[in-house]
């Protein structure tokens, strides 16, 4: 062997920078490449540029384009919908308040008030100060009599019912916020913790079910003091912020123009916050709720809901009961006996204008055609690519409008679907099923995208043999992988056993086909499903669900398993059989007390009532003949305008009770008897 002079080696190292060229750089494995690709996908899909992939953002469209580009690059068909990959549909997104002239509230006193020592006159309330319409209500106008219903609670099981012998049909009901005995640990409700009877939704639902024309809510006696206390705390925080801004700026040496301008903007914002807070502290603390502060909009098409200042309705109460609101609340606390009644002679005129906003969204579909005898059958591999955008509805950090990037939920699942597509696209099997890869939108709004697909399938559902779903696969911990749907086909248990010999996951098997992700939409159409999932965590639905929390190597292992499952289903000679498998719950597990009905709401269908996307096999609804696409409008005498009313109505009954359910089917009204099941 010829000896290479050391001087030549040194020269070569100097020129090339490393002696690795002598031995060859370490060859990158396929798994290394997969991990790199996984990281690239997640980092892009969960970047701030994509704005949390909210359904109303430009970012979700960028994500859709990115997914299509990947499908194209690996040879999938992307022209199934008028020459492109997008299956379009429309969803209701939010509600905003209409024109000020269409939102008003006027209190009209009785004609004869001479005998009362009160200054009573017609009162046109000021929007934004004395009242606000609320998004949990509906558009509508009215002029009607009024009824005071106390806290608006109907809880006969607690021997407290404020609607007993009270007719509110066609009337405006006036309701006090929260519930009696709020600070009493021995309260029949939940002691010092608010019960479900204290919620806005429960109060509004009770009024709707009783046929009220409108609702006006006011603060309870203790709320103004709590509000002022909160303002004092906020003021101290703003003052500390102002001091910190000043100190930070003073530490800058020769600040440039941009730093000076930024400091001025921050000072102006802090000063404005202080000014507003001081102004509110000079008030009585009886602040009206903002338009969207009582919760998410409901589906009800009737019954406006307002929030008003106590001083606006106090004259009605004193005139009718001879007591102030505060005195009435104290008596109720002491005796736990409702004080309610018609506000005789009083009329209320009002109008609420709520404008339903909609968004055009789309599923993204790529198709790998089949071959041979199996080519007309279909396997679906899916993942939702939408998330929460800038927060708001669905966020577990509702106090912030920071971008919710959704790295695990669900750029991880979307990435998994993309990379399974890359692997399966290389298939050379001559006898194989078609594989349809779908990135679903509007999953966070209630599985709307997948529900739209199964009701408008690209390929027949009769020949769709299985659906494999990936949702939140980015946080593999202690090697534990959750697989849902293992009971939806007899082939799944043995297949998982076989494939996991190599994958070596600690698999938690959940047999049910239902659950809060897109596989449920396919299961409800009698299609076997498997759903891969690594579990919930402290970053879920919060702004810090960022790429830094994702385990890319763990994802790569899950993707390999998902690809193996897909390949087996794509090529197995006999299609998987379908079995019903639904989770059995009991009250001890869930803390629930609502009787079991056995239905699945359809959140995509914005109609008055409760539309259903499915019913549970052998559940009470199914046994009574209720079907998917039925719309429930009444249970006994309780009107149903949406999921809140449905839930509230069911809680009026015990398991085993028989109820008459009125529903709409194909434009026709039907009535069936349902025997409710025990809570589960």
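The numbers here are math on the coordinates, done by the rules we state, and not lab data. Treat the numbers as computed from the prediction; the structure is a model and nothing was measured. Glycine also receives a Cβ, built like all others from the backbone with ideal geometry; neighbour counts cover every protein chain displayed.
The distance between label points at residue 247 and residue 58 comes to 4.0 nm (points 7 Å beyond Cα on the Cα→Cβ vector). Taken over region 218-257, the convex hull of the Cα atoms encloses 52 Å³ per residue. Take every Cα-Cα pair in region 587-675 and report what % of them are more than 14 Å apart. Here the tail beyond 14 Å accounts for 62 percent of pairs. Peptide packing: for 35-48, 349-362, the average count of neighbouring Cβ atoms within 10 Å per residue gives the ranking 35-48, 349-362, highest mean first. Potential lengthening of the chain between residue 29 and residue 553 amounts to 187.3 nm, from the contour at 0.36 nm per residue minus the alpha-carbon distance. Put simply, the Cα atoms of region 315-452 extend 87, 31, 31 Å along their principal axes, the longest span coming first.
For the pair residue 164 and residue 573, label points projected 7 Å from Cα toward Cβ lie 7.2 nm apart. Sort out for me the Cα centre separation of region 399-417 from region 289-307, rounded to whole Å. Answer, in whole Å: 29. For the pair residue 296 and residue 508 in one chain, pulling the backbone fully straight at 0.36 nm per residue adds 72.9 nm over the alpha carbon distance.
Quote the FRET efficiency, to the nearest 0.05, computed for residue 357 versus residue 629 with a Förster distance R0 of 22 Å and r equal to the Cβ-Cβ distance. Efficiency, rounded to the nearest 0.05: 0.30. Principal-axis analysis of the Cα atoms of the chain puts helix 491-503 at an angle of about 60° to the longest axis. Taking a quarter of the surface of the Cα convex hull of region 104-209 gives a mean projected area of 9.0 nm².
Rg of the Cα atoms in region 225-281, relative to 2.2 N^0.38 Å, amounts to 1.34. Sorting 245-251, 460-466, 372-378 by average packing, meaning the other beta carbons within 10 Å per residue, from highest down gives 460-466, 372-378, 245-251. Each of 531, 263 was scored by other Cβ atoms within 10 Å of its Cβ. Arranged with the fewest first, they read 263, 531. How would you classify region 532-633 from its alpha-carbon gyration tensor, with a ≥ b ≥ c the square roots of the eigenvalues: rounded for a/c under 1.5, else prolate if a/b is greater than b/c, otherwise oblate? It comes out oblate by the Cα gyration axes. Taking one quarter of the surface of the convex hull spanned by the alpha-carbon atoms of region 383-457 gives a direction-averaged projected area of 5.9 nm². Averaged over residues, the count of other Cβ atoms within 10 Å places the peptides 639-647, 499-507, 320-328 in the sequence 639-647, 320-328, 499-507, highest first. For the chain, the share of DSSP beta bridges that are antiparallel, to the nearest 5, is 65%. For region 359-416, dividing the convex hull volume of the Cα atoms by the residue count gives 109 Å³ per residue. Recomputing P(r) over Cα pairs in 20 Å bins from 0, in percent from the coordinates shown identifies the correct label among (i) 17, 45, 29, 9, 0; (ii) 14, 35, 34, 13, 3, 1, 0; (iii) 15, 40, 31, 10, 2, 0, 0 as (iii).
Here the extension length gained between residue 429 and residue 264 equals 52.8 nm, from 0.36 nm per residue of separation less the Cα-Cα distance. Note on residue 72/residue 196: beta-carbon distance plugged into 1/(1 + (r/R0)^6) with R0 of 45 Å gives a FRET efficiency of 0.35.
Once both labels are positioned 7 Å from their Cα atoms along Cα-to-Cβ, the gap between residue 606 and residue 670 label points is 2.7 nm. Under the criterion of Cα pairs below 8 Å and six or more residues apart, the relative contact order for the chain equals 16 percent.
Calculated FRET efficiency, residue 236 to residue 337, Cβ-Cβ distance, R0 = 41 Å: about 0.50 to the nearest 0.05.
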